[in-house]
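Peer 1: Quick one: the structure is below, and I'll ask about it shortly.
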Amino acid sequence: MTERRELRLLLALLGVLHLVRLVPLAASQSFIGINYGEVADNLPPPSSTARLVQSTTITKVRLYGTDPAIVSAFAGTGISLLLGATNGDIANLASSPAAAASWVAANLPAKSPAVSTVSVGNEVLFADASLASQLVPAMQNLYDALPPNSSVKVSTVNAMDVLASSDPPSSGSFKPELATALDPLLAFLSKTGSPFLINPYPYFAYLSDPRPETLAFCLFQPNAGRPDAGSGLTYTNMFDAQVDAVRAALDAKGYKDVEIVVAETGWPHKGDTDEAGATAENARAFVSGLVSHLSSLAGTPRAPGKSVETYIFALYDEDLKPGKASERYFGLFQTSLTETYPTGLLRNGTAGLIPAPAPAPTTTSAPALKPTPGQQPQVTPGQQGSTAAAGPSGLCTPAGPGTATSKGTTTTTACAHPNAAESSRTSSMLPIIAGFWFIALQMFI
C-alpha cells in the first residue's frame, strides 16, 4: 500500500512539472511589446492590426502619437499602450498646465484602452536639444494632470547617444554636457516611479564593426563571450551589453531604483548595398534570438533573473520614411498581415491573418510626413493625433571579438483564418486541463 501511494505521489509530481513546462508556452509574454509606426501609405486598417497583434504573444504596443482610430481599435483587446506626446507638443505642455490637462482629457479618457505609459517626446536630447530645458516641465505638467491614483507612467524616450561610454558595459556613463537636462529628468523618473526609456540597436553596433564575430555577438548566436574586466561579468550578446551599459550609467548617478524599458530595438530585413547585415536571415536571427532570450527570463549579467520590458521595432515596414533603405524595412509583418520571417511571436497554430481590405481612398490627403530618423513629426492644425517618426537610432561601441556561426534561413508563411488565434489559445489549454485531471485522479486512487 505504501509503495502504491509513493508511486501515485511521484506521478502527481511529474504531472505538476509537466504543467509548469506547458504554462509559459500558453501564456502571453508580458514583457514583449512592439512599435506601431505609421510613416507609410499602405498600412492595413487599425482594427486588422489589433487582431493581428492579438494573434501573437505580444501584450504591449507603442504608438508615436495618439491617433484616435488606432487607440480605439485596441479597446477591449487586453493590449496595453504606450502613447506619445510629440516633440512638437513639448513647448505647449511645458508652458501651460491647462494644455497638459486638455491633452490628458483628450487622450486618456476614463474608458480608453489600458495605457501604461506616456512618452513625452522622442529622443529629444539627441534630436532637438532646443527642447531639452522644457522637457521635464512638460512631463511634470502632464503627470500633475493625471487623475488621482492613476497608474500611468510619464517618461521620455532616449537614444543610446546619451551615453558617453558603453564599452565595457560597467563603464557606462552619461555625457557630462547633458547633465543640465538629464539630472532633473532622472530625479523626476525616480520620484514618480517611471522607467528610463532607451533605444538600443545592436544592428548599428554591427555596422560600426562588421566582422563575423561581431555579427554572432549581435544576433544571439554562439560565441566565445566578451569579458568585462570592470565587473567580472561575461557578455554573450550585444543587447545585454547595451542594456547593462545604461544600467551602469543610472547606478553611477545614484538611480538604482529607476527601471529600464527598451522602447525600440530591431534589425532591418533589407537595406542598401553598403548596409552590411541588413538581410532577412539576420533579422530573423536577431528577433527570434531576442524573443528566446527574453522568454528565458535570464535577464542580463548585471541584472539576472528578470527580463527587461522590450518593444521590438517594428510592426510593419514604413515605405515613406526617408534616409537609407534599411529605415523602411524593419517590419516583422507585411501589410498582408503575414510574417516577414518567422519570429517566434505567433501563438501556436497561427501564421498571420487573412489580408484585410485596403482602406478606402480619399479624395484629398495631407502631404506625407517624412521626419528625420529618430524624430516625431509635429502635429499640424486640424490633424488628429500624429503620425510616427518611428526611426531607429542609437549606437553602442562594440566590445572585443567573439566567434561567428551560421546565419538563420528564411521561410514563407501561409495565411490562416482569424479564428485560428482563438482556437490556438483553446487548444493550448487542453493539455493543462488534462494534466490537472490527471493529478486529481492520482491523488484519489
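Peer 1: If you scan segment 222-252, which residues turn out to be in a loop (DSSP other than H, G, I, E, B) and in contact with a strand residue (DSSP E or B) (Cβ under 7 Å, 6 or more places away or on another chain)?
Peer 2: Selection gives Gly225 alone.
Peer 1: Shifting gears a bit: Of the conditions (1) surrounded by 17 or more Cβ atoms within 10 Å (Cβ to Cβ); (2) touching an Asp or Glu at 6+ places or on another chain (Cβ under 9 Å), Gln242 fails just one. Which one is it?
Peer 2: (2)
Peer 1: Of all the residues that make up segment 147-174, how many are more than 19 Å from Pro195 (Cα to Cα) and more than 23 Å from the chain's Cα centre (by Cα)?
Peer 2: Residues in segment 147-174 being more than 19 Å from Pro195 (Cα to Cα) and more than 23 Å from the chain's Cα centre (by Cα): 8 in total.
Peer 1: OK, next. Can you tell me which residue is least open to solvent (accessible area, probe 1.4 Å) among those in segment 183-208 that are more than 21 Å from Leu82 (Cβ to Cβ) and of a type in the set (A, V, I, L, M)?
Peer 2: Ala205
Peer 1: With the requirement that a residue be among the aromatic types (Phe, Trp, Tyr) and in contact with a Ser or Thr (Cβ under 7 Å, 6 or more places away or on another chain), what does segment 142-193 give you?
Peer 2: Tyr143
Peer 1: Evaluate the following for Asp183: is it within 22 Å of Ser133 (Cβ to Cβ) and either modelled with pLDDT under 95 or in contact with a helix residue (DSSP H, G or I) (Cβ under 6 Å, 6 or more places away or on another chain) (or both)?
Peer 2: For Asp183, the condition - within 22 Å of Ser133 (Cβ to Cβ) and either modelled with pLDDT under 95 or in contact with a helix residue (DSSP H, G or I) (Cβ under 6 Å, 6 or more places away or on another chain) (or both) - is not met.
Peer 1: Out of the residues in segment 280-302 that are more than 18 Å from Ala205 (Cβ to Cβ) and without any contact (Cβ under 8 Å) to a residue 60 or more places away in the chain, state the one that is least open to solvent (accessible area, probe 1.4 Å).
Peer 2: Per the criteria, the residue is Gly299.
Peer 1: Here is a follow-up. Scan segment 64-91 for residues that are within 18 Å of Leu185 (Cα to Cα) and surrounded by fewer than 21 Cβ atoms within 10 Å (Cβ to Cβ) and report the count.
Peer 2: 1
Peer 1: Right, here's the next one. Tell me whether segment 109-125 contains one or more residues that are more than 24 Å from Asp251 (Cβ to Cβ), open to solvent by 10 Å² or more (accessible area, probe 1.4 Å) and over 26 Å from the mean Cα position of the chain (by Cα).
Peer 2: Checking segment 109-125: not a single residue is more than 24 Å from Asp251 (Cβ to Cβ), open to solvent by 10 Å² or more (accessible area, probe 1.4 Å) and over 26 Å from the mean Cα position of the chain (by Cα).
Peer 1: Looking only at segment 306-325, decide whether some residue is open to solvent by 60 Å² or more (accessible area, probe 1.4 Å) and either over 29 Å from Ala40 (Cβ atoms) or part of a helix (DSSP H, G or I) (or both).
Peer 2: yes
Peer 1: Looking at Asp274, Asp257 in this structure, which one is modelled with pLDDT under 95 and either of a type in the set (A, V, I, L, M) or open to solvent by 30 Å² or more (accessible area, probe 1.4 Å) (or both)?
Peer 2: That would be Asp274, the only listed residue that is modelled with pLDDT under 95 and either of a type in the set (A, V, I, L, M) or open to solvent by 30 Å² or more (accessible area, probe 1.4 Å) (or both).
Peer 1: Let me ask something else. If the requirement is being among the hydrophobic types (A, V, I, L, M, F, W, C) and without any contact (Cβ under 8 Å) to a residue 12 or more places away in the chain, which of these qualifies: Ala127, Ala179, Ala159?
Peer 2: When all the criteria are applied, what remains is Ala179.
The values are calculated or read from the model by the stated rules, or taken from the named source; none is laboratory data. Not measured: the values here are computed from a predicted model. Virtual Cβ from ideal backbone geometry, glycine too; neighbours counted across all protein chains shown. For the accessible areas, the whole protein counts, side chains as well, though only heavy atoms, and no ligand, DNA or RNA atoms are used. Shrake-Rupley method; radii C 1.70, N 1.55, O 1.52, S 1.80 Å.
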